[in-house]
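What follows is a short report on a single structure.
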Amino acid sequence: MNHLPLGPSRLPFSAQREARADLRHAYEAHAEAAQDRYETQYGDYASLDQVMAQFPSLLSQTLDETAAAVASDLARSGIYDWDDAAVREALEARLDRLMATFAELESAYQEIGIKAEAREVDRAYQGAGRSYISGGGFGLEGAAKGMAVASAANVALGLVYGAADAAGRALASREDERTKRALFEDPQTRRTLAKVIRDVAFEGQAVLAEVLNRQDENPRVEEITAEAERRAAALANNVASGRVPDDQIQSILTQAIDLNPYSELPWRLWIEKLEDRDGSVLKAAQTIGILGLEAHRDALLAAERHALKWSTPEECLQNSPRLEARAAALGVPFDAERDQIARVAEQLDLARRTYKGSLYPTEAEAKSAQSADEDAHKRTVVGVTYDTHDEADEARAEWIDLQSRTFRNKEYLSARSAKTARVRYHRSSSLVLWFGVLIAPFPTALLTLQPGFARWQRITAFAWLALIATAMFFGGAWRSPETAPPLIIAGFVLGTLAWLASLLETFLRTQVMTSYRRRAAEEALGERGADTAVSA
């Protein structure tokens, strides 16, 4: 019996195990082709709904292709009592185990729909209990008027409830779409579905091995019994959980790999716990048909690289030997990585010795140039650089004082005078604005597009203009306010209330500013009187 080197240990490599490895390599190419095809097709989808709707047909296509491949291999081996349908049935019997990861994704997708249905039920229940208004009065005329008022009110309530219901539906729908979009754009979703396709295609080698072994008393290829699979998984899980002493990990993992060499977990644990300095573990895994171990080894090295710091040349020089030692323990070539780290260190050194496009001989000289430039910036006021900081502070104070005494390009004697002018201007402009909205809505609405007006002022002006325009356009059809649509009447009422609220806001703001100026003047007089008393 042949053996494969496994670090200091040896893994038996019988003829049956070699035949199973050959089958795994053959179907690995078939599985990778199916996986690549699905990942390419995933890019053509526009939503998660489309992905989940198309996945069953693609899975069925993969089952058909794999069943055809297995039936062809059986025919080449002289076995003709298995056709595509029989092989597919055998593959479908294994789907529950192969699609465990897909079940989690499908559950997350279905949960979105279940929440949407629950919201619809709650919304329908709340709508059924909606309040209504009934009207009445004394006599036939009073009853008719009361019913008319109640009808109009119920129409308004219906509009309000309908708008709220539509808004709720729209918000919930957008939230569902955001959740689906996030799940659709998550790279893990694509990897999960592609792996399911790959595993289904790769499972053809297990079905082929099982059928081949049924033909002879002596198995042609190695098959792993359920008990051996259970024991191997238990051994690997105990190593992963830390229950196995360090001095026994090697023998336990060797036993687990020998029991089930086609499980990837013990191979991964060997790389993590015992490393692979001579590369024999990776080579043995590739011979068996475990092709994902190299990616796992590279991921371990990438995690080590990410844990180290590389922001300065000194850190690069300090951490490069540590990363190289880890790479050597994992059996990863490091020459290209070492050169890359050296280039990064050189670029970092050049970057810290460069200031404003000039390269300085040392970092200290670059920092000195930066400090000088920052000092000059602190001594610069309105584009003028002064010789000392005191001169700059004095000029800055004068500029601030000038700005505080300037309003609308006019310079006042004091900041208080400028502030008074500013308040008067805003008060007059606000009053003019709101009377203009009422008297001349069209030019006033255009005036609010000029800089200086708040957004709510513009919205109010244009909303009032829209109501006036609607009333003028449909005025001929409405002979009385009773014949106008409720929304138009409500719009006029709300517009009038907004106009009155704006006038009230302007009045209150004026009163507050007047009170503030009076209080400030009293405080100033009090301070002046105190200063006079002290001087006396």
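Rounded to the nearest 0.05, what FRET efficiency do Ser358 and Trp399 have when you use their Cβ-Cβ distance and R0 = 30 Å? Don't jump to the answer; show the numbers that get you there.
Values: r = 32 Å, r/R0 = 1.05.
After rounding, the FRET efficiency stands at 0.45.
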Problem - Surrounding net charge for Gln340, when Lys and Arg each add one and Asp and Glu each subtract one, Cβ distance under 14 Å - result: -2
Problem - Distance between modelled label sites at Asp216 and Thr40, nm, 7 Å Cα→Cβ extension - result: 3.8 nm
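How big is the Kirkwood radius of region 327-430, worked out from every pair of different alpha carbons and given in Å to one decimal?
Details: mean 1/r = 0.0522 Å⁻¹.
19.2 Å is the Kirkwood radius here.
Give the peptides 215-225, 290-300 in descending order of average Cβ contacts within 10 Å, highest first. Before the final figure, lay out the partial values.
Values: 215-225: 13.3, 290-300: 16.2.
The most tightly packed comes first, giving 290-300, 215-225.
Can you give the FRET efficiency to the nearest 0.05 for His306 and Trp456, using r as the Cβ-Cβ distance and R₀ = 45 Å?
On the way: r = 50 Å, r/R0 = 1.11.
The formula returns an efficiency of 0.35 here.
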Problem - Most to least packed among 228-240, 349-361 [average Cβ atoms within 10 Å] - result: 228-240, 349-361
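Could you give me D for region 234-301, from Stokes-Einstein at 10 °C and 1.306 mPa s, where the hydrodynamic radius is the Kirkwood radius over C-alpha pairs? Units µm² s⁻¹, please. Each step should come with its number before you reach the end.
Working: Rh = 11.9 Å.
Answer, rounded: 133 µm²/s.
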Exercise for the section: Determine which residues of region 252-290 fall in the zone a paramagnetic label at Arg97 would reach in this model, i.e. backbone nitrogen under 15 Å from the point 7 Å along Cα→Cβ. Expected result: 260-265
Practice task
Could you go through region 203-216 in sequence order and give the Karplus-derived ³J(HN,Hα) for each residue, using 6.51 cos²θ - 1.76 cosθ + 1.60 with θ = phi - 60°, rounded to whole Hz, and x for Gly and Pro?
Solution key: 5, x, 5, 5, 5, 4, 5, 5, 5, 4, 6, 6, 7, 10
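How much FRET efficiency would the formula 1/(1 + (r/R0)^6) give for Ala351 and Glu264, where r is the Cβ-Cβ distance and R0 is 41 Å, rounded to 0.05?
Working: r = 43 Å, r/R0 = 1.04.
Efficiency, from the Cβ-Cβ distance: 0.45.
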Problem - Inter-probe distance in nm under a simple model that places probes 7 Å from Cα toward Cβ, at Glu324 and Glu337 - result: 1.2 nm
Problem - Val381 long-range amide H proximity, modeled H, under 5 Å - result: Tyr386
Completion exercise
So the pair-distance distribution of region 366-411, from every Cα-Cα distance in 5 Å bins, comes to percents of 5, 22, 21, 17, 14, 10, 5, 3, 2, 0
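Order of Ile468, Ile288 from fewest to most other C-beta atoms within 10 Å?
On the way: Ile468 17, Ile288 22.
Arranged by neighbour count, lowest to highest, Ile468, Ile288 become Ile468, Ile288.
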Problem - Amide H within-cut-off set for Phe13, under 5 Å, with H built and near neighbours excluded - result: Asn2, His3, Leu4
Handout entry: Label point distance in nm, Gln286-Ala26, each placed 7 Å from Cα along Cα→Cβ
Key = 2.2 nm
Problem - region 366-411, relative contact order in percent, only Cα pairs under 8 angstrom and at least six apart counted - result: 21 percent
Exercise for the section: Quote the relative contact order of region 345-388 in percent (integer), defining contacts as alpha-carbon pairs under 8 Å separated by 6+ residues. Expected result: 21 percent
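When the chain is fully extended, how far beyond the present Cα-Cα distance does Glu227 get from Ala33, taking 0.36 nm per residue of separation? Show your work: numbers first, answer last.
Working: separation 194, 0.36 × 194 = 69.84 nm, distance 3.25 nm.
The Glu227-Ala33 span can extend by a further 66.6 nm.
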Handout entry: 5 angstrom amide H check on Tyr355, placed H, neighbours 5+ away
Key = Tyr360
Fill in the blank from the handout: Length gained, Gln16-Glu272, 0.36 nm per residue minus C-alpha separation, equals 89.3 nm
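We did not get these values from a lab; they are worked out from the coordinates using the rules stated. All figures in this text were calculated on a predicted structure; none of them were measured in a lab. Counting neighbours? That spans all protein chains shown, and the Cβs are built from the backbone with ideal geometry, glycine included.
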